[in-house]
1. Pairs only if they're at least six apart or on different chains, beta carbon under 8 angstrom, first in segment 189-202 and on the phi > 0 side of the Ramachandran plot, second open to solvent by 10 Å² or more (accessible area, probe 1.4 Å) and among the polar types (S, T, N, Q); list them, first residue then second.
2. Which count do you get for residues in segment 145-166 that are under 23 Å from residue 251 (Cα atoms) and of a type outside the set (Lys, Arg)?
3. Looking at this structure, is residue 162 modelled with pLDDT of 95 or more, among the basic types (Lys, Arg) and touching a strand residue (DSSP E or B) at 6+ places or on another chain (Cβ under 8 Å)?
4. Among the listed residues 144, 139, 124, which satisfies the condition of being part of a helix (DSSP H, G or I) and either out of contact with any Ser or Thr (no Cβ under 8 Å at 6 or more places or on another chain) or modelled with pLDDT of 95 or more (or both)?
5. If residue 222 passes every condition in (1) of a type in the set (Lys, Arg); (2) farther than 30 Å from residue 183 by Cβ; (3) open to solvent by 30 Å² or more (accessible area, probe 1.4 Å) but one, which one does it miss?
6. Give all pairs with beta carbons closer than 7 Å in which a residue from segment 45-71 that is within 19 Å of residue 242 (Cα to Cα) meets a residue that is of a type in the set (Val, Ile, Thr) and surrounded by 14 or more Cβ atoms within 10 Å (Cβ to Cβ); count only pairs at least 6 apart in sequence or on separate chains.
7. Residues in segment 183-218 that are open to solvent by less than 30 Å² (accessible area, probe 1.4 Å), outside any loop (DSSP other than H, G, I, E, B) and among the hydrophobic types (A, V, I, L, M, F, W, C): how many?
8. Please return the ranges of helices (runs of 4 or more DSSP H) entirely within segment 219-302 where 2 or more residues are closer than 20 Å to residue 141 by Cβ.
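The values are calculated or read from the model by the stated rules, or taken from the named source; none is laboratory data. The model shown is predicted, which means the values in this text are computed figures rather than measured ones. Ideal geometry is used to build each Cβ from the backbone, glycine not excepted, and the neighbour counts take in all protein chains shown. Surface areas here come from the heavy atoms of the whole protein model, side chains and all, with no ligands, DNA or RNA. Shrake-Rupley method; radii C 1.70, N 1.55, O 1.52, S 1.80 Å.
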Amino acid sequence: MNIAWPWELRARGVLNMNKRNIDYIGRYNPRKFYKRVDDKLLTKQLALANDIAVPDLIAVVREQHEIVHIPERVKGRTGFVIKPAKGSGGKGILVITHIEQGRYYKPSGHEVSPSELDRHVSNILSGLFSLGGKPDVAIVEGLIEFDPVFDGYSHEGVPDIRLIVFKGFPVMGMLRLSTAASDGKANLHQGAVGVGVDIATGKGLHAVQFDAPIEFHPDTGKKLTDIVVPHWDSLLHTASSAFEMCEMGYLGTDMVLDQTKGPLLLELNARPGLAIQIANGKGILPRLKHVEAMSSHSMTVAERVAYAKIHFNG
């Protein structure tokens, strides 16, 4: 295990948690706007109002007695996703990829009985997965059909793209790929693979699993740095436009690529994690300081994206 001293990390431009919380989250994210990103239902509504594409909304379950209507609402669909509106860290998300004669199946093939599904939604409403344990609502969304370009790069789950946006500039990107260890979820803490992505081109640069460098996907054997994320410019523009949408300066934007609909915004994060630096093999702090030194108030989304592609490339 390699251990770096604090001054070594500073020299490499690594942003630590205290500095992130005080100098960036605390300074650039007004507390009054937190609900815009902490509440996924509100984020979805804001995105639609700003012409940003999001996954289909099938239903919103607010009360326990509404749970019985879910089978009727998902009838005729190949699958669906249920998630807490105010969850975090991927907790409480249930993905159903196959429905057969009223029976539900997860990506792993494991069956979820109707009573298990009901209990899961009931737990969401009771606040089991929400920030602070407060009562929540359940969002039922359409299943994302991920782009075939990712075939072999992800195990069972849908890959997602995390971009850190600072004052409207996409400054660092990462592709998150599910593994058997992460149970099909694109969550780095659970064992998903993080691939640092070149802001200029969308090409893979460096990959990690459990914070350790890897070259090949642990389940499929695919070389991770060979990947090039399609629709990269559209993803950058979507991420950059989230700055105006939620009026928060330091953001994590999570997006997916749907085979037919293209880039879709999944959610926003006002407290994005720091592991993206490990996935990229470099610190984000020099890029943040670069943006802070600029006068960018009059720049459009397109101008910010073009600037980022020149100055924050791999």
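1. 191/209
2. Counting residues in segment 145-166 that are under 23 Å from residue 251 (Cα atoms) and of a type outside the set (Lys, Arg) gives 8.
3. Against the criterion (modelled with pLDDT of 95 or more, among the basic types (Lys, Arg) and touching a strand residue (DSSP E or B) at 6+ places or on another chain (Cβ under 8 Å)), residue 162 qualifies.
4. On inspection, the qualifying residue turns out to be 124.
5. Looking at each condition in turn, residue 222 falls short on (2).
6. 47/54; 48/54; 52/238; 55/144
7. 5
8. Where helices (runs of 4 or more DSSP H) fall fully within segment 219-302 and carry at least 2 residues being closer than 20 Å to residue 141 by Cβ, they are 232-246.
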